[in-house]
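Read through the structure below, which is laid out as structure tokens, and then see the notes.
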Amino acid sequence: MALRIATRLPRLVVVGVVLLLASATLAVGAAKRLTAVPQGAPAPVSAPTLVVPDLSGQAFVFAKGTLEDTGFAWHVMGSVHGYAANKVASQSPPAGTRVRDTGAPTIIVKLARTSYPEKGEPEDVSPYVGTPVQPIRLARTTVTPAAPVPVPAAPKGAEQKAPAAAKLPTTKTAPQAAAPAERPAAFELAGAPKEPLKEMPLPQRAKLLKAWIASHSKTRANVRHFLYQHSWIVTGAAFGWWHGAEALEQLIAADRLARKRWGIGTKSELVASRTLAEVKARMK
């Protein structure tokens, strides 16, 4: 019996070693399968990015509209506050910086006073909540500056509170007539900026705004957009831009529709009516 066991012992040792190696191989293979990325799996999606626009020298009324259009919030720092006619002296991060789209990255701007009077209420922060700025490797991209609208010299009685122009959301309306190549001013106002021909004429903007109110419900975002467009039209008309009086008359109709549908528009109609009276007086 002892002799039989002794003769079989080497075989048992060999079998044991083989089983041990086999189990180790299976364990390594399983680990590889668990850690390997399956073929056809989607690649990790990088976070969307934004490019900081160039605001240098722009009137604040237009700079804040540029920021809103491109997905940024803003915060005015320094002793000069966010009145419409003050101009941008500096910004942080600088133009061309690529940042992660964290929701509404907050751009810090410092303003400088102009000869235009500071009227109304300053807007030192954006009307929506800003988010932190996260630069991407401090990368810079060349940005073609938006043509700044000159800050006018101080005329008397001109409206100021207006954001930069923004495209109205698409609505199903009748096709609009092509904008004229030239838009002669309704009246001359010393130091007033020329109407930017790349933007739609004021009457067309007011007409589209009214149609947009008719097809949209009242939300905070929609109210902000309404006031944004309203201020643009009022300011342009006060500067003597083409057919400003006609645009204001249509804007007043939009105010009345907003009051009927949304329960707002009384104050904005009063602003439009006062500006219309001033525009008509200047046209005589």
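The values are calculated or read from the model by the stated rules, or taken from the named source; none is laboratory data. All values derive from a computational prediction rather than experimental measurement. So basically every Cβ, Gly included, is an ideal-geometry build from the backbone, and we count neighbours across all protein chains shown. Only protein heavy atoms, including side chains, enter the accessible area calculation; ligands, DNA and RNA are left aside. Shrake-Rupley method; radii C 1.70, N 1.55, O 1.52, S 1.80 Å.
The single condition among (1) surrounded by fewer than 16 Cβ atoms within 10 Å (Cβ to Cβ); (2) among the small types (Gly, Ala, Ser); (3) touching a residue at least 12 places away in the same chain (Cβ under 8 Å) that ALA211 does not satisfy is (1).
Considering the conditions (1) surrounded by 14 or more Cβ atoms within 10 Å (Cβ to Cβ); (2) in contact with a helix residue (DSSP H, G or I) (Cβ under 8 Å, 6 or more places away or on another chain), THR266 is excluded by exactly one of them, (1).
Candidates ALA162, ALA177, ALA192: the one that is surrounded by 14 or more Cβ atoms within 10 Å (Cβ to Cβ) and modelled with pLDDT under 60 is ALA162.
Can you go through LEU197, LEU276 and tell me which one is closer than 23 Å to ALA85 by Cα, open to solvent by 60 Å² or more (accessible area, probe 1.4 Å) and free of Cβ contacts under 8 Å to residues at least 60 places away in the same chain? If you could, list the steps in order and put the result at the bottom.
Working: LEU276 fails: open to solvent by 60 Å² or more (accessible area, probe 1.4 Å).
Of LEU197, LEU276, the one residue that is closer than 23 Å to ALA85 by Cα, open to solvent by 60 Å² or more (accessible area, probe 1.4 Å) and free of Cβ contacts under 8 Å to residues at least 60 places away in the same chain is LEU197.
Filtered by the rule that a residue be farther than 10 Å from VAL234 by Cα, part of a helix (DSSP H, G or I) and of a type outside the set (Asp, Glu), region 255-273 gives ARG256, LEU257, ALA258, ARG259, LYS260, ARG261, TRP262, THR266, LYS267, LEU270. When the residues of region 65-75 are narrowed to those that are surrounded by 15 or more Cβ atoms within 10 Å (Cβ to Cβ) and touching a strand residue (DSSP E or B) at 6+ places or on another chain (Cβ under 6 Å), which ends up nearest to ASP124 (Cα to Cα)? Ranking the candidates gives TRP74 first. Taking the stated definitions as given, is ALA245 out of contact with any Gly (no Cβ under 9 Å at 6 or more places or on another chain) and on the phi < 0 side of the Ramachandran plot? When the stated conditions are applied, ALA245 passes them.
Okay, residues lined up against (1) of a type outside the set (Ser, Thr, Tyr); (2) modelled with pLDDT under 55; (3) assigned to a loop (DSSP other than H, G, I, E, B):
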residue	(1), (2), (3)
SER23	no, yes, no
GLY29	yes, yes, no
LEU34	yes, yes, no
SER46	no, no, yes
GLU68	yes, no, no
VAL80	yes, no, yes
PRO94	yes, no, yes
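Examine region 232-240 for a residue that is more than 27 Å from the chain's Cα centre (by Cα) and at negative phi, and state whether such a residue exists. No: zero hits.
Output yes when any residue across region 219-227 is among the hydrophobic types (A, V, I, L, M, F, W, C), crowded, with 20+ Cβ neighbours inside 10 Å and at pLDDT 90 or above, and no when none is.
Within region 219-227, the subset among the hydrophobic types (A, V, I, L, M, F, W, C) is 221, 223, 226-227.
Keeping just the survivors that are crowded, with 20+ Cβ neighbours inside 10 Å gives 226.
Subsequent filtering for residues that are at pLDDT 90 or above retains none.
Within region 219-227, not a single residue is among the hydrophobic types (A, V, I, L, M, F, W, C), crowded, with 20+ Cβ neighbours inside 10 Å and at pLDDT 90 or above.
Screening ALA206 against (1) among the small types (Gly, Ala, Ser); (2) more than 24 Å from ALA59 (Cβ to Cβ); (3) touching a residue at least 40 places away in the same chain (Cβ under 8 Å); (4) in contact with a helix residue (DSSP H, G or I) (Cβ under 9 Å, 6 or more places away or on another chain) leaves a single unmet condition, (2).
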